[in-house]
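Participant: I have a structure I would like to understand better, so I am pasting it below and will then ask my questions one at a time.
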Amino acid sequence: MSKKYRSWVTGFARIGEQRELKKVLESYWRGEASFDDVQEVSDSLKCRHWNYQRRASIDAVSINDFSLYDQTLDMIETLGLVPKRFRDIEDKTARYFAMARGDETHTAMEMTKWFNTNYHYIVPELCAGMSYKIDISKIRAEYEAAKSEGVDPKINIIGPLTFLANARRTDGYNPDALTLFGEILPAYVSLFEELDTLGDSVTIQVEEPILVTQRAAELSLLVKDAYNRLCGAAKKSDIYVVTYFDHAKEAAAQLVQTPIKGIGLDFVHGSANMEILDIFARSGKTLVAGVIDGRNIWISDIESKLSLLNEIANVVPKESIVVSTSCSLLHVPYTLKYEKRLDEKIKSWLAFAVEKLDELSLLCRLFFDGADSLDAQEALRYAHNRDAVADRKSSTLIHDPEVKERMQGIDELKKRREPYENRIAVQHERFKYPPLCTTTIGSFPQTPEVRAVRRDFKNGSIGEAEYVEKMKGFIRECVEFQERIGLEVLVHGEFERNDMVEYFGEQLQGIAFSENGWVQSYGSRCVKPPIIYGDVSRPEPMTLFWSEYAQSLTERPMKGMLTGPVTILNWSFVRDDQPRSETCYQIALAIRDEVDDLQKAGIGMIQVDEAAFKEGYPLRDSQRPVYEKFALESFWICTNVAKPDTQIHTHMCYSDFNDIIDTIEAMDADVISIETARSGNTLLKVFKEHSYKKEVGPGVYDIHSPRIPSIEEIEKQIRLLLEVLPARQLWINPDCGLKTRRWEEVKPSLRNMVEAVKKVRASL
Ligand code: GLN
Ligand code: ZN
């Protein structure tokens, strides 16, 4: 008999609310903890998370959402698709972590972003003729553990289409692993046969987020074949195909024609899903309706969620609806419980994962049983929710009349500067920098001493005067070093910054920071995104003091260093009570003021980093224009205050510009530095093909490796670049900031870079 659900959580985080998993893993890797310790912590985390969900009366609770490193890597293990290059490692645990992180003799598998999130998964390496071998021991163990905790779990599996589309073929010419569909399906069939034996009626949640992306149309053709076969393999089980992050209209129409039990759709980030509700009514499939936002941290407006559900229920029979999170709660922090310093008001507007469970259960009660059925505690929670929602709409903490007034005139600022040809001429006249001008991306090594000074200042053990003196010391050394080796455009080194977004976020009005709001980024690594809760403004200059000081030390141009509005937006939790574009424009205004202050103080070159510009792109091309429009406009707003002779630089880490080169051009930065070191000159060719006219600094060596590049090597790299663009259009720099490197690496590397440029110039 299949189970009937009312509430559903797509998945839960695993790193632990005190980052317990991170801590034990890292001490295991250092050799200080045993693998038994790791397992002990893992087991207790799983239990804790199941119990959180059980206490909130969630009835569809996951297993196999836990992972020691990454779920896709776990799928590789489950399917027995370990790449050949790791098969010499016999110990299973050692092999697992070698795939994830590499060891002395194996380079790690590639890692990349999970759709449009900041979570990174391990990219499967597949080839034709691969052999698979199903191993469900991890799943079985979790299934049994959950049962013994009194939870009847659903099993989370990454679906075959998503697994393949996210994989890479390591044989042959075409890296698209979807060409291996015919080979992967039998592996999944065997897997589902085995899962089917776990119980009388097992619930399997198959995650297929790939079905919401630009590839949806093409993949929908495979959906029926795949799910007819998987249902055939697991006849006793209930299979639910769950999608998230956008709408899945194309695939859902196919899925209802297969024997699956239900489909999960995201109604928070894919409102277009509302257009296909009738297919549920007609097919009798269950709709797992994702209405509680799994990607953001604001309290749900329970009232409006309830109307949404009722609207759905106008078309889909209520008995066929399950109320769910929009996606796994992996992407939000755990709980507000540890937030002691956060403003009480702001805190009352937030819901992290554990708080979302309560929202889900309250919503469920209201939807299925009605307001009259609430017990005293639920009624209280409902009242609190309504108060907090109302309060958030009108609070003066959020709504700043000055910002709102300034936003009135924003349209006039959404424009490019005067023509590039005019600007660049006066810039060359002002700075007289040579072709192949040498510079760096901004940060210099964040040594233990640098960190200690920042930490001491933060916890009050040194005063401001001492802090400033010490920071000035670091800057002085850094500037002296750059002059000594002959760099031509200098930077101050960014020693005062812990993180390129946090540094600005902390100084901007309207942005808050949690103490414990960690979200897993990859493996044991977590990030703590800023929380943009209100209208953003800049009470006072943020970087001016350090840049002016640095400029006072040298005759050479000192680049001012700012983080761009799009990057601040993309790396934060963004308020959901106004369009993202509005928030981005507000940030742009704040950075604009900083640009202006810098230029007035004589800082003639200003770099506005947009490291996260590319990753903010939507999952479907149809939505690209909207993103590109506001992202571009935001960049213009913050840079078009620059006088013609102020040179605007930007930097992007991401290395694939092929499909966004027109937008890069339109950003209108005078100089862009990009990460190309690992690709020779292939990447740069895009710029030539699009007859890109502005100046480009393609990174000439890879800063992600501790290796010191030789003069010859860099010289060769520069000559490769010269095959593509003329010297007058090229700058020479490393491919990203140097903060993760040590001085012992940075010094010789940069010296070699400068020497290489001298040699090339001599031969021009
Ligand atoms: N200016 C920043 C730095 O050098 C840029 C960092 C980045 O691209 N992620 O650290
Ligand atoms: Zn970078």
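The values are calculated or read from the model by the stated rules, or taken from the named source; none is laboratory data. Please read all numbers here as calculations on a predicted model, not as lab measurements. Cβ: placed from backbone, ideal geometry, glycine included. Neighbour counts: every protein chain shown. What goes into the accessible areas is simple: the full protein's heavy atoms, side chains included, and nothing from ligands, DNA or RNA. Shrake-Rupley method; radii C 1.70, N 1.55, O 1.52, S 1.80 Å.
Participant: For each pair in K347/K559; K559/K694; K249/K318, compute the distance between the two Cα atoms and list the pairs where it is over 27 Å.
Facilitator: Working: K347/K559 38 Å; K559/K694 18 Å; K249/K318 21 Å.
Pairs exceeding the cut-off: K347/K559.
Participant: Amide H of Q647 versus every other amide H placed in the peptide plane: which residues, excluding those fewer than 5 positions away on the same chain, fall under 5 Å?
Facilitator: Residues meeting the criterion, in which the H sits 1.01 Å from N, are M605, I606.
Participant: When N is the residue count of the range 140-239, what does its C-alpha Rg come to as a fraction of 2.2 N^0.38 Å?
Facilitator: 1.19
Participant: Determine ³J(HN,Hα), in whole Hz, for all residues of the range 402-409 in sequence, where each value follows from phi through the Karplus function 6.51 cos²θ - 1.76 cosθ + 1.60 and θ = phi - 60°; x replaces Gly and Pro.
Facilitator: Residue by residue, the range 402-409 yields 5, 5, 4, 5, 5, 5, 4, x Hz.
Participant: For R751, tell me the accessible area in Å² from a 1.4 Å probe, rounded to the nearest 10.
Facilitator: For R751, solvent-accessible area is about 110 Å².
Participant: In whole angstrom, note down how far apart the Cα centers of the range 140-204 and the range 231-278 are.
Facilitator: 17
Participant: By how many nm would the segment from S552 to A376 lengthen if fully extended, with 0.36 nm per residue of separation less the alpha-carbon distance?
Facilitator: 56.8 nm
Participant: Quick one: which residues, 5 or more positions from V242 or on another chain, have an amide H under 5 Å from its amide H? H modelled 1.01 Å from N in the peptide plane, none for Pro or chain starts.
Facilitator: V206, E207, E208, G264
Participant: So what's the range 308-347 giving for Rg/Rh, alpha carbon basis, Kirkwood Rh from the mean inverse pair distance?
Facilitator: Ratio value, two decimals: 1.23.
Participant: In addition: If you take the alpha carbon radius of gyration of the range 533-681 and divide it by 2.2 N^0.38 Å, what ratio comes out, to two decimals?
Facilitator: Computed over Cα atoms of the range 533-681, the ratio equals 1.07.
Participant: While we're looking at this one, here's another question. Near K470, which aspartates and glutamates are there with a Cα under 15 Å away, not counting those fewer than 8 places off in the same chain?
Facilitator: E449, D456, E494, E496
Participant: What fraction of the DSSP beta bridges in the chain is antiparallel, stated in percent and rounded to the nearest 5?
Facilitator: Among the beta bridges of the chain, antiparallel pairing accounts for roughly 15 percent.
Participant: Checking the table K4/K356; K84/K716; K458/K528; K614/K758 against a 27 Å threshold on Cα-Cα, which pairs fail?
Facilitator: K84/K716; K614/K758
Participant: Give me the Debye-computed log₁₀ of I(q)/I(0) at q = 0.21, 0.30, 0.34 Å⁻¹ for the range 242-282, equal point scatterers on Cα only, no solvent, two decimals.
Facilitator: -0.58, -1.13, -1.33
Participant: Let me ask something additional. Tilt of helix 92-101 relative to the longest C-alpha principal axis of the chain, in degrees (0 to 90, nearest 10)?
Facilitator: Approximately 40 degrees, to the nearest ten.
Participant: Expressed in nm to one decimal, what extension gain is obtained for the pair F545 and D391 from 0.36 nm per residue of sequence separation less their Cα-Cα distance?
Facilitator: Result for the pair: 51.7 nm of gain on full extension.
Participant: Strictly greater than 15 Å: what percent of every Cα pair in the range 333-380 meets that?
Facilitator: Summing the P(r) tail past 15 Å for the range 333-380 gives 53 percent.
Participant: Let me ask something else. Rg/Rh for the range 436-563: what does it come to with C-alpha atoms and Rh from Kirkwood?
Facilitator: So for the range 436-563, dividing Rg by the Kirkwood Rh gives 1.00.
Participant: Calculated FRET efficiency, K688 and D200, Cβ-Cβ r, R0 60 Å, to nearest 0.05? Please list the in-between numbers first.
Facilitator: On the way: r = 64 Å, r/R0 = 1.06.
Computed FRET efficiency for K688 and D200: 0.40.
Participant: So if I average 1/r over every pair of distinct C-alpha atoms in the chain and take the inverse, what Kirkwood radius in Å does that give?
Facilitator: Numbers: mean 1/r = 0.0358 Å⁻¹.
It works out to 27.9 Å.
Participant: Same structure, new question: Under a no-solvent Debye model with one identical scatterer per Cα of the range 57-181, what's log10 I(q)/I(0) at q = 0.11, 0.17 Å⁻¹?
Facilitator: Per q value, in the given order, log10 I(q)/I(0) is -0.42, -0.94.
Participant: Given the DSSP H assignment, sum -39500 (n - 2.57) over each helix run of at least 4 residues in the chain and divide by its residue total; what's the result at 222 nm in deg cm²/dmol, nearest 500?
Facilitator: -13000 deg cm²/dmol, from helical runs alone.
Participant: Something else: Rounded to whole Å, give me the distance from the Cα center of the range 66-85 to that of the range 338-368.
Facilitator: Answer, in whole Å: 34.
Participant: So, one more: State the Kirkwood hydrodynamic radius of the range 315-434 in Å, one decimal place, computed from all pairs of distinct Cα atoms.
Facilitator: 19.7
Participant: Right, next: Dividing the Cα convex hull volume of the range 379-511 by residue count, how many Å³ per residue is that?
Facilitator: Once divided by residue count, the hull of the range 379-511 is 226 Å³.
Participant: Alpha carbon centre of the range 376-445 versus the range 93-139: separation in Å?
Facilitator: 38
Participant: What ratio of Cα Rg to 2.2 N^0.38 Å holds for the range 1-92? Intermediate values should be presented prior to the final figure.
Facilitator: Details: Rg = 16.0 Å, N = 92, 2.2 N^0.38 = 12.3 Å.
Cα-based Rg divided by the globular estimate yields 1.30.
Participant: Hey, got the Cα dimensions of the range 616-764 along the principal axes, in Å, largest first?
Facilitator: 45, 32, 29 Å, listed from the longest principal axis down.
Participant: Here is a follow-up. Per residue of the range 277-293, what does 6.51 cos²θ - 1.76 cosθ + 1.60 with θ = phi - 60° give for ³J(HN,Hα)? Whole Hz please, x for Gly and Pro, Karplus curve as stated.
Facilitator: So the J values, rounded to whole Hz, are 4, 4, 5, 6, 4, 6, 8, x, 6, 6, 9, 8, 8, x, 10, 8, 5.
Participant: I've got another one for you. Please provide three numbers in whole Å: the alpha-carbon extents of the range 374-417 along the principal axes, with the largest listed first.
Facilitator: Here the Cα extents, ordered largest to smallest, are 61, 19, 10 Å.
Participant: Please calculate the 1.4 Å probe accessible area of E402, with all protein chains present, and give it to the nearest 10 Å².
Facilitator: We get 150 Å² for E402.
Participant: Express in nm, to one decimal, how much length is gained between E144 and S2 on full extension, taking 0.36 nm for each residue of separation and deducting their alpha carbon distance.
Facilitator: 49.3 nm
Participant: Mind listing the phi-derived Karplus ³J(HN,Hα) values for the range 380-397, rounded to whole Hz, using 6.51, -1.76 and 1.60 with θ = phi - 60°, and x for any glycine or proline?
Facilitator: Ordered by residue, 3J(HN,Hα) equals 5, 4, 4, 4, 4, 4, 5, 4, 5, 5, 5, 4, 5, 5, 10, 4, 6, 5 Hz.
Participant: So, in nm, how far is label E40 from label N314 when the simple model puts each one 7 Å beyond its Cα toward the Cβ?
Facilitator: Between E40 and N314, the simple spin-label model gives 5.7 nm.
Participant: Here's another thing I want to ask about it. Taking H placed 1.01 Å from N in the peptide plane, check which residues at least 5 places from C526 or on another chain put their amide H under 5 Å from its amide H.
Facilitator: Placed amide hydrogens put S521 under 5 Å from C526.
Participant: With no solvent and one equal point scatterer per Cα, compute the Debye intensity ratio I(q)/I(0) for the range 690-764 at 0.11, 0.28 Å⁻¹ and report its log10, rounded to two decimals.
Facilitator: For the range 690-764, the Cα-only Debye profile gives -0.27, -1.35.
Participant: Go from 0 up to the bin containing the longest alpha carbon distance in the range 239-369, width 10 Å each, and give me the % of pairs per bin.
Facilitator: Answer for the range 239-369: a P(r) of 13, 43, 30, 11, 3, 0 percent.
Participant: List the trypsin sites (Lys or Arg not before Pro) within the range 339-368 that fall in a DSSP loop (any state other than H, G, I, E or B) and whose Cβ has at most 11 other Cβ atoms within 10 Å.
Facilitator: Passing sites in the range 339-368 are K340, R341.
Participant: Helix 711-722 sits at what angle to the longest principal axis of the chain, using alpha carbons and giving 0 to 90 degrees rounded to 10?
Facilitator: Relative to the chain, helix 711-722 is tipped by roughly 80 degrees.
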